[in-house]
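Down below is the structure, laid out as structure tokens.
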Amino acid sequence: MIESILTHLAPAWAIAHAAPLLVVAPLVVATALVFVPSGRLAWLISILTTGASLFFALILLALVQADTVTLAALADAGIQTNMLREGVVSYAIGGWAPPVGIEFRIDALNAMILLLVTFIGTLASVFSWPTVNAEIRTEKQNLFYGAYLVCFAGLAGVAITGDAFNLFVFLEISSISTYVLVALGAGRDRRALPAAFNYLVMGTIGATFYVIGVGFLFAATGTLNMADYTALLPELVGNRTVQAGFAFIIIGLGLKAAMWPLHQWLPNAYAYAPSFVTTFLAATATKVALYALIRFLFTVFSPAYTFETASFDWLIAPLAIAAMVACSFQAVFQTDVRRTLAYSSVAQVGYMLLGVSLASVFGVSAGLLHLMNHALMKGGLFMAMAGIVLTYQGTTLRDFAGLGRSAPWTMTAFAICALSLIGVPLTAGFQSKLMLLQATFTAGWWWASGVIVFSSVLAVIYMGRILEAVFFKAPENPRKVRKEAPLLLLIPLWVLALANLWIGLDASFPYDLARNAAEAVIGVGGQQ
């Protein structure tokens, strides 16, 4: 399938310029949406734009995975594939070769992240219209979709750039538009305004820490290109400037990724933002920030550095464990389902960071597999949540009572994603949690394996409470009529629910993506 995209489906210009087009297209369209008179038309345009970016992401994945025979065939056909070396696509923006110019650099790791962001973004665009039409004022709907495409482009830009400062620029592009999107939830719940302000303050602190760290690295190396860092930093292992830069970058990106205890912005932002915004952010934003963290930990720096090894053992792993336990306990005591899912997201970030902290191909593969699976399960959960908010205007456990009878299709999909979050066999969550257990046992971290099991038991409790209310309790209002979410919402919701079941039965495709991504940043011959 991947090879056929290059040889049969993609035109020459798309293959040659897929990298910049993936980011530039949504940015340009976002500007044009300011002049679109209809919210419905803006919605249709957003679907076409995110769908086009998904196509470009598939092209980049195909180029990264292409064998020499396919590349030779492309060259014979006169198709310029830019610089493709050892599974890496490099695109020099404006023709200025790196490190002088900005480079878009794609390997197996960010090809996987780009595919995830564009896939979720496309599904989110499809389902968005019913909720946006209900929650956003008519005169602001075109501007809303413009802000969404800016956020989408910013996240894709973070994942595709090979320049450390350009990553900061894209990080801020996505963040500033996100603050606006969260604040627009005030039309439904005024608490969205303080949530957006808190997000703005914390996000600005994180971005400031990150850019200070990049400044330290520039002072030490004289470059902003991440590939150059890989070559230059081994000569500066004991340099205090480099170590200070490392510390600032880890804290800044950790805040963006909602690493415990830097996650305080997340619960309210997810709970009070417009339903569509929460769905998109929960499935993509922290995943992209985690990608950036992994990129710096394993490409820019290296586990061979003593100070990085110490950070794995004494910072990242303990904080991951704390997130898995503390936020799972917090989720247990929530009565608002949105906040339950929000605290669960921070706990799941802990699972991903635990895999990363193992600093092995197996461990990072497990963390990345859980990253992909969590995007699918949490995207589905919040999508179903959006349907319930739209049709029943309720978000508490009491509001969910009896919904299994009044909205069976919506809540069955919700249940599938909830079981995947718990880690029930034959679901995607089981596959990634099992792989994490194997990775921690292989590393001799038996205590971490115990925490994974304990946190999963807590997930049984907090998700079980919701499922009990949905399927085993009578509705608070006995006259509650049967009313499903709109078809536009149900179709992408069931795509995500079935994806969770498919991966539960056969995880070979996402596992190969995760394994190739881990090998791309650690090396095939790295610690297994």
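With respect to Leu371, determine if the residue is within 20 Å of Ala320 (Cα to Cα) and of a type in the set (A, V, I, L, M, F, W, C). Yes. Against the numbered list (1) within 30 Å of Thr309 (Cα to Cα); (2) out of contact with any Phe, Trp or Tyr (no Cβ under 9 Å at 6 or more places or on another chain), Arg398 comes up short only at (1).
On the basis of being in a helix (DSSP H, G or I), free of Cβ contacts under 8 Å to residues at least 12 places away in the same chain and either farther than 19 Å from Gln330 by Cα or basic (Lys, Arg) (or both), does Leu369 make the cut? Answer is no for this residue.
In the range 450-463, of all residues being exposed (fewer than 15 other Cβ atoms within 10 Å of the Cβ) and not β-branched (Val, Ile, Thr), the one that is farthest from Thr412 (Cα to Cα) corresponds to Gly450.
Please verify whether Met435 is within 25 Å of the chain's Cα centre (by Cα), farther than 24 Å from Trp494 by Cα and at pLDDT 90 or above, treating the condition exactly as stated. Yes; evaluated as a whole, the condition is true for this residue. Across the range 4-38, which residue is modelled with the lowest pLDDT among those that are among the small types (Gly, Ala, Ser) and not in a helix (DSSP H, G or I)? Among residues in the range 4-38 that are among the small types (Gly, Ala, Ser) and not in a helix (DSSP H, G or I), the one modelled with the lowest pLDDT is Ala10. Per the conditions (1) surrounded by 16 or more Cβ atoms within 10 Å (Cβ to Cβ); (2) out of contact with any Gly (no Cβ under 7 Å at 6 or more places or on another chain), the sole criterion not satisfied by Ala428 is (2). Residues in the range 147-174 that are crowded, with 24+ Cβ neighbours inside 10 Å and without any contact (Cβ under 8 Å) to a residue 40 or more places away in the chain: Gly154 alone.
Per the listing Val34, Val64, Val29, the residue uniquely hydrophobic (A, V, I, L, M, F, W, C), surrounded by fewer than 20 Cβ atoms within 10 Å (Cβ to Cβ) and either touching a strand residue (DSSP E or B) at 6+ places or on another chain (Cβ under 6 Å) or on the phi < 0 side of the Ramachandran plot (or both) is Val34.
In the range 99-115, the residue that is nearest to Ala156 (Cα to Cα) out of those that are surrounded by 24 or more Cβ atoms within 10 Å (Cβ to Cβ) and not aliphatic (A, V, I, L, M) is Asn110.
Among the conditions (1) at pLDDT 90 or above; (2) over 23 Å from the mean Cα position of the chain (by Cα); (3) under 20 Å from Asp313 (Cβ atoms), the only one that Ile452 does not satisfy is (2).
Would you confirm, using the coordinates I've provided, whether Ser456 is among the hydroxyl-bearing types (Ser, Thr, Tyr), closer than 17 Å to Met324 by Cβ and free of Cβ contacts under 8 Å to residues at least 40 places away in the same chain? Considered against the rule, which asks whether it is among the hydroxyl-bearing types (Ser, Thr, Tyr), closer than 17 Å to Met324 by Cβ and free of Cβ contacts under 8 Å to residues at least 40 places away in the same chain, Ser456 comes out as yes.
Residue by residue through the range 181-199, note down the ones that are assigned to a helix (DSSP H, G or I) and either under 19 Å from the mean Cα position of the chain (by Cα) or of a type in the set (D, E, K, R) (or both). Show your work before the answer.
Filtering the range 181-199 for residues assigned to a helix (DSSP H, G or I) gives 181-187, 192-199.
Leu181, Val182, Tyr199 - these are the residues of the range 181-199 that are assigned to a helix (DSSP H, G or I) and either under 19 Å from the mean Cα position of the chain (by Cα) or of a type in the set (D, E, K, R) (or both).
Cβ-Cβ distances below 9 Å connect the following pairs, each with a first residue in the range 499-528 that is closer than 18 Å to Phe119 by Cα, a second residue that is assigned to a loop (DSSP other than H, G, I, E, B) and at pLDDT below 90, and a separation of six or more residues or different chains: Ala517/Asp107. For the range 82-96, check the following and say yes or no: at least one residue is among the hydroxyl-bearing types (Ser, Thr, Tyr) and in a helix (DSSP H, G or I). No.
Which of the residues spanning the range 360-374 are aliphatic (A, V, I, L, M) and surrounded by fewer than 24 Cβ atoms within 10 Å (Cβ to Cβ)? If the condition is that a residue be aliphatic (A, V, I, L, M) and surrounded by fewer than 24 Cβ atoms within 10 Å (Cβ to Cβ), then Val361 is the only one that fits.
Residues of the range 356-364 include none that is under 19 Å from the mean Cα position of the chain (by Cα) and within 30 Å of Ala401 (Cα to Cα). Which of the residues spanning the range 390-412 are under 25 Å from the mean Cα position of the chain (by Cα) and either surrounded by fewer than 24 Cβ atoms within 10 Å (Cβ to Cβ) or among the hydroxyl-bearing types (Ser, Thr, Tyr) (or both)? Leu390, Thr395, Thr410, Thr412, listed by residue number.
Of all residues in the range 187-204, those satisfying the criterion of being surrounded by fewer than 16 Cβ atoms within 10 Å (Cβ to Cβ) and either at positive phi or of a type in the set (A, V, I, L, M, F, W, C) (or both) are Leu193, Phe197, Val201. Only one of the numbered conditions (1) farther than 22 Å from Pro130 by Cα; (2) modelled with pLDDT of 90 or more is violated by Ala72, and that is (2).
The values are calculated or read from the model by the stated rules, or taken from the named source; none is laboratory data. On a predicted model such as this, the values are computed, not experimentally measured, just so you know. FYI the Cβ positions are ideal-geometry reconstructions off the backbone, even for glycines, and counts take in every protein chain you see.
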